[in-house]
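Participant: Structure in structure tokens, see below.
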Amino acid sequence: MTLKLINGQKIVAATHNPGKAKELAALLDGRFEVLAAGALGLPEPDETETTFEGNALLKARHAADLSGEVSLADDSGMSVTALDGAPGIYSARWAGPAKDFAMAMDKVAERIEETGSEDRSAWFTCALAVAWPNGGPAVVVQGEVHGTLVFPARGDKGFGYDPIFVPGGHDQSFGEMEPAQKDAMSHRAVAFEKLKAALFE
Ligand code: IMP
């Protein structure tokens, strides 16, 4: 079965962050009417899966079943080779309830130090899931960007772990780059290209 979306169709973005809902709408080239799950009063599910794709799918299905509309969810994070992929799906949780990423980046540096490994390679992952309501079908895609970690952190333009991540083939960290430059090469951009190819073309 081929799944297609129609221009102008309503899509629920399974996020309680209005900024993220807007970003998702823009990444879909403004083709849809994007409604935020938070604004619709839908509760957030617990992210109980063990993979980015699993959690994105869980959030998309949850929003689709509660709203009765096609729903889109993402799940993302940074994985460190020397830490066997940590923080991975726990990337947001490493920063604690205060969302303290300076602390989370220190923790990454300390944990790598403890392993004694010289390997500083890492990657960002973004999984995107679109689910149709009532136990309907779903599409899941995943994008990655690989690079190297640098300590101390560099730049203040990005968010999260951006200041310690230098993408492959570049000298600046994501925190030093102009947002447009990062956005053109990020894990999120790769995932959205795959999603558009799966749903529109
Ligand atoms: P999510 O909102 O549950 O998907 O959590 C994603 C977490 O991963 C964020 O809180 C960030 O810590 C991290 N993360 C994801 N994408 C990026 C990025 O592009 N730059 C920096 N950190 C990111």
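The values are calculated or read from the model by the stated rules, or taken from the named source; none is laboratory data. Note that the structure is predicted; figures quoted are calculated from it, not measured. Every residue, glycine among them, receives a Cβ derived from its backbone with ideal geometry; neighbour counts consider all protein chains shown. Calculation scope for accessible area: heavy atoms of the full protein, side chains included, ligands and nucleic acids excluded. Shrake-Rupley method; radii C 1.70, N 1.55, O 1.52, S 1.80 Å.
Participant: Can you tell me which residues in the range 1-18 are out of contact with any helix residue (DSSP H, G or I) (no Cβ under 9 Å at 6 or more places or on another chain) and modelled with pLDDT under 80?
Facilitator: M1, T2
Participant: Kindly indicate the residue of the range 87-110 that is crowded, with 18+ Cβ neighbours inside 10 Å and not in a helix (DSSP H, G or I) and also nearest to the ligand (Cβ to nearest atom) among those meeting that condition.
Facilitator: Here the residue is S91.
Participant: Does L128 satisfy being aliphatic (A, V, I, L, M) and either open to solvent by 60 Å² or more (accessible area, probe 1.4 Å) or closer than 23 Å to K196 by Cβ (or both)?
Facilitator: Judged against the criteria, L128 is a match.
Participant: Still on this structure, please answer the following. For G19, only one of the following conditions fails: (1) of a type outside the set (D, E, K, R); (2) within 12 Å of the ligand (Cβ to nearest atom); (3) in contact (Cβ under 8 Å) with a residue 12 or more places away in the chain. What is its number?
Facilitator: (3)
Participant: To continue, here is another question. State the number of residues belonging to the range 48-85 that are within 20 Å of I6 (Cα to Cα) and of a type outside the set (K, R). Spell out the reasoning first.
Facilitator: We begin by selecting, within the range 48-85, every residue within 20 Å of I6 (Cα to Cα); these are 60-61, 63-65, 67-73.
Among the residues that remain, those that are also of a type outside the set (K, R) are: 60, 63-65, 67-73.
Number of matching residues: 11.
Participant: Regarding the range 64-84, can at least one residue be identified that is within 12 Å of the ligand (Cβ to nearest atom) and in a helix (DSSP H, G or I)?
Facilitator: No, the range 64-84 contains no residue that is within 12 Å of the ligand (Cβ to nearest atom) and in a helix (DSSP H, G or I).
Participant: Kindly provide the set of residues from the range 50-63 that are within 12 Å of the ligand (Cβ to nearest atom) and open to solvent by less than 10 Å² (accessible area, probe 1.4 Å), ordered by number.
Facilitator: N55, A56
Participant: Let me ask something additional. Please go through the range 158-180 and pick out each residue that is under 17 Å from the mean Cα position of the chain (by Cα), open to solvent by 20 Å² or more (accessible area, probe 1.4 Å) and without any contact (Cβ under 8 Å) to a residue 40 or more places away in the chain.
Facilitator: G158, P179, A180
Participant: Here's a follow-up. Out of curiosity, is F32 within 13 Å of the ligand (Cβ to nearest atom) and crowded, with 16+ Cβ neighbours inside 10 Å?
Facilitator: no
Participant: Something else about it: When you go through (1) surrounded by fewer than 20 Cβ atoms within 10 Å (Cβ to Cβ); (2) within 30 Å of K4 (Cβ to Cβ); (3) among the charged types (D, E, K, R) one by one for R188, which number turns out not to apply?
Facilitator: (1)
Participant: Can you pull out the residues in the range 133-157 that are touching a residue at least 60 places away in the same chain (Cβ under 8 Å), away from the ligand (no atom under 13 Å from the Cβ) and touching a strand residue (DSSP E or B) at 6+ places or on another chain (Cβ under 7 Å)?
Facilitator: The answer is A138, V139, V140.
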